[in-house]
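What follows is a set of notes on a single structure, which appears directly below.
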């Protein structure tokens, strides 16, 4: 199987959001940088996805639609701008993946339960095998509709529970890199 890393929305735009928190950033960056370096070392193509919309923080004119500063520098095999939650909607990514004969995706990025989960579900439905890496995704605390706190750790746990065995294989960075090497 041919594998590609889909690096979703790891962009400076998020730092401008009121919910942004550095609490889990260090671990996320460490795991994501290890994943990027491992993919570079194993010649696994890296596809960078940026979320772009009219909102000031996510518009191209803002200057914030660029890689998160702490991220390892890389030259992506391809780069796409998305306007929806799934990186496969309206971007040309699916066509590119088929042209490259890619059939396994490693999904990492920001936000775990939104664009990363949605892309994972969509990719699985499209026939791709997906490795989802919770340690290389980032999200933030939210509020339940009653105003009580929903912690980011609980969001990640819920996401992994609903994806595993149905839409993705849940992997660590090391496991995903081993799986990419073995195929």
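Just so you know, all these numbers are worked out from the coordinates, no wet-lab data involved. Fair warning: this is a prediction, and the values are worked out from it, not measured in the lab. Here Cβ is always computed from backbone atoms with ideal geometry, including for glycine, and neighbour counts include all displayed protein chains.
Report the relative contact order of region 1-138, percent, no decimals, based on alpha-carbon pairs under 8 angstrom and at least 6 residues apart.
34
Report the residue, chosen from 113, 129, 53, that carries the largest GNM mean-square fluctuation when the chain is represented by alpha-carbon nodes joined by springs under 10 Å.
53
Obtain the nm distance between the two label points defined at residue 33 and residue 144 by a simple spin-label model: each point lies 7 Å from its Cα along the Cα-to-C-beta direction.
The modelled label-to-label distance comes out at 3.7 nm.
Out of 166, 104, 121, any idea which swings most in a Gaussian network model of the chain, alpha carbons joined below 10 Å?
For the chain, modelled as a Gaussian network with Cα springs under 10 Å, the answer is 166.
Take the alpha carbon atoms of region 12-158, find their radius of gyration, then divide it by 2.2 N^0.38 Å using N residues; give the quotient.
So the Cα radius of gyration is 1.04 times the expected 2.2 N^0.38 Å.
Suppose a student asked you for the relative contact order of region 34-86, using Cα pairs under 8 Å spaced at least 6 residues apart; what percent would you report?
It rounds to 43 percent for region 34-86.
Who wins for biggest fluctuation among 145, 170, 46 in a Gaussian network model of the chain, springs between alpha carbons below 10 Å?
The residue with the greatest mean-square fluctuation here is 145.
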